[in-house]
Amino acid sequence: MQLVPTWFNALADGDIRPLSWGALISFTKDYDDDIIFFTYNVSEYNGADVYAPTGDNPLQSWDKYEYTDYSERIIYQSVQRELEFPYSVVSAIADFSLNNYDDYFTPNSGSPLSDYIIPKRPVRLLQGFSTALLPQFVGLTQGMPDIAHEEGTATFTAMDFLTQIYSMPIRNTEAMQNVRTDEILANIFAQFGLTPDQYDLGHGRNVVKFLFFEKDQQTAGDVIRPLMQAEGGLLWLSEEGIIKFRPRLEQPTTSSYTFDSDSIITLSVSSDDQIINHVIINTDVREVQDFQTVYSKKTSDNTLNVIPAGESAVFVAELQDPVLTVEEPVYGSNADVSWFTAATYDGTDVTSGVSITSVELKTNTYEMTIENTNGFDVNINQMSIWAQPAKRISVEPIIYENKDQDSIDKYEDKPLEISNNFIQDIDTARSLAITILDEYAEYADIIEMEVKGNPAIQLSDINTVDYDSYSGQYRLIGTSNKLQDSKYTQIIKARGYNPRTWFQYDVSEYNGPDVYAP
C-alpha cells in the first residue's frame, strides 16, 4: 500500500469523497533540460546532478520527459493490474479518454500536436481526493488513439514502461557464473541505463550457476520471464514508477487495509480454484569447467582464411558449448593460452604485421577481427582457443517431481510442469516445488469485490476482509481502478492468504516462530 497520511484514508472511507484525477503526457517526448542525471565517474559526488526528486520516489529515466498537464480534458481513466498464476512478471495496462471537441488530439488535423499523435508517448496517470493525487500508472501509449468524432473524444491505451523494456533486445552479450536473480536483473537494467537508485530488488533465492545471454538475439523479456519463473518471485513497475522485485520467500505478513461492510459494495466468489498439488520440473543444466582448449584448427590449405594485404577480416571459431571466459588469442604457438599463426601462400611463416583488433563472444561462436598490415596476403593457418566452457552435466535433462497426496486425494491431480534452465540443481528444484505446494495445494477462496475504492491500495497487498461469512487475510492478485462520471470504481480480486514468516539465517530467532524455508 502506498504511504499516505491518516486523513487520506479517512477521505477514502468517508461517505462524501472529493474525487480528483490527473493526466500528464509528453507527446513531443522532449526532455526537461533542467534535469541532469547523475553519471558514475562523471558527475561530482553531492554535486548538482540529480539522484531523485523530493520524497521517496527515485528518479527514473521516464521522469526526464517534459510532461504537459491534460487533467482538465480527462473524461475517464482506468488502470488494471493482475498477477499471473502462480508467480509473475506483472504488466499494467491503462485506458483513458480525453475531451477532443476541437480535434486537438486528432492525427493530421492541423492542431499543434498533430505531428506527435503517434505511438509510444509517455504518460502518467494519477488518482486521489481533493488536492492529494497519488500516482497510478507510468507508461507509454500503444498504437493510435481511437477518435470518436460525434462524441468528441480521443481514447488511448497504454502499457507500463517495464513492458516496454521486456520488448527491447539485450544490448550486451553476458556470461555470468553463480549469480542470484537480483544480480542478473541489475545487470539487465544497467544495460538500459538504469542505476541501483532506480529500482528496488530483494535478495534473490535462486542462484544460477551459469548464464549466457546474447546481444540482439534475445529480448529482455526472453531472459526476465524464465528467470522470474525459476525464482518464483514477483517483478513489477509500481504505481510510483519504481521497478520492484520480491523473491518468493520475502512475502508480507501483516494486513495493510481492512475491507468490511462499510467499504464493500458487492462480493462474489470466483470460479478459479488455483490449486497446484503436483509439480514437475525439467531443466538442462550446465556447469563451468576449468580452462581448456575449446577450439582447435589447423589447415594446410593456404586459401581458407586469407586476409588480403592491408585489410581486415573476421575469423569465426565455432564452439561446441557456450563459454564463461575466453583468453584472447596471441600470435605464436603456446599450449596453455589462446594462440594463432599465419603464413603466406607458399607456407612461409608470417611473424609480424598480423594482430587481433576486436573480439566478440556469441552463444556458439567466438568472432575475431584480424588485421593484416603487411604488403602481402596472409593465411590464418592455425587457431587454438583456451576458455572455460559450460558443459551439460548429463545427456538427459534433470527431472524433479513432488506432490501433495492428501491434496490429490481431495481435489484430483492438479499438475504444474516447469521447463526452465535457470533452475540448475535438485535442491533449487525441490525448494521451488515445496514452496509452490505450500501455498497452492489447499483450496483458498478467490473473491472479487467492488469496494468504495482507495487509490493507495496496491497489487500483492495483504488485506483483511470482514464481510458476511468471509473473514481473514487475503492477498490482492488483481486490481482495476476506474474514474468516470464523478464515480470511482475499484474492483479487487483477492485470494485467501496464510501468512508465512520464513526463517532467515542471521535474522530469525533459532527455535523461534519462523518457518524453515524449503
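The values are calculated or read from the model by the stated rules, or taken from the named source; none is laboratory data. This structure is a prediction, so every number in the text was calculated from the model and none was measured. With ideal geometry, Cβ positions are generated from the backbone for all residues, glycine too; neighbour counts draw on all protein chains shown.
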Cross-chain or 6+ apart pairs with Cβ under 8 Å, the range 469-490 first and farther than 18 Å from Met1 by Cβ, then part of a strand (DSSP E or B) and of a type in the set (Phe, Trp, Tyr) | Lys482/Tyr76; Lys482/Tyr488; Leu483/Trp21; Leu483/Tyr76; Gln484/Tyr76; Asp485/Tyr76
Restricting to strands (runs of 3 or more DSSP E) lying wholly in the range 351-420: which have 1 or more residues that are charged (D, E, K, R), farther than 15 Å from Val316 by Cβ and modelled with pLDDT under 90?
-> 378-392
Touching a residue at least 40 places away in the same chain (Cβ under 8 Å) and surrounded by fewer than 17 Cβ atoms within 10 Å (Cβ to Cβ), is that true of Glu401?
-> yes
Test: Thr153 is among the hydroxyl-bearing types (Ser, Thr, Tyr), farther than 20 Å from Ser419 by Cα and either out of contact with any strand residue (DSSP E or B) (no Cβ under 9 Å at 6 or more places or on another chain) or buried (at least 20 other Cβ atoms within 10 Å of the Cβ) (or both) = no
Matching residues, the range 92-144, being among the hydroxyl-bearing types (Ser, Thr, Tyr), within 29 Å of Ala456 (Cα to Cα) and surrounded by fewer than 20 Cβ atoms within 10 Å (Cβ to Cβ) = Ser130, Thr131
Among residues belonging to the range 470-509 that are under 25 Å from the mean Cα position of the chain (by Cα) and among the hydrophobic types (A, V, I, L, M, F, W, C), point out the one that is modelled with the lowest pLDDT.
-> Trp502
Listed by first then second residue, the pairs whose first member lies in the range 128-146 and is within 11 Å of Phe161 (Cα to Cα), whose partner is among the basic types (Lys, Arg) and in a strand (DSSP E or B), with beta carbons under 6 Å and at least 6 positions apart or on separate chains, are Val138/Arg124
State yes or no: is Ala313 in a strand (DSSP E or B), farther than 23 Å from Ala390 by Cα and in contact with a strand residue (DSSP E or B) (Cβ under 6 Å, 6 or more places away or on another chain)?
-> yes
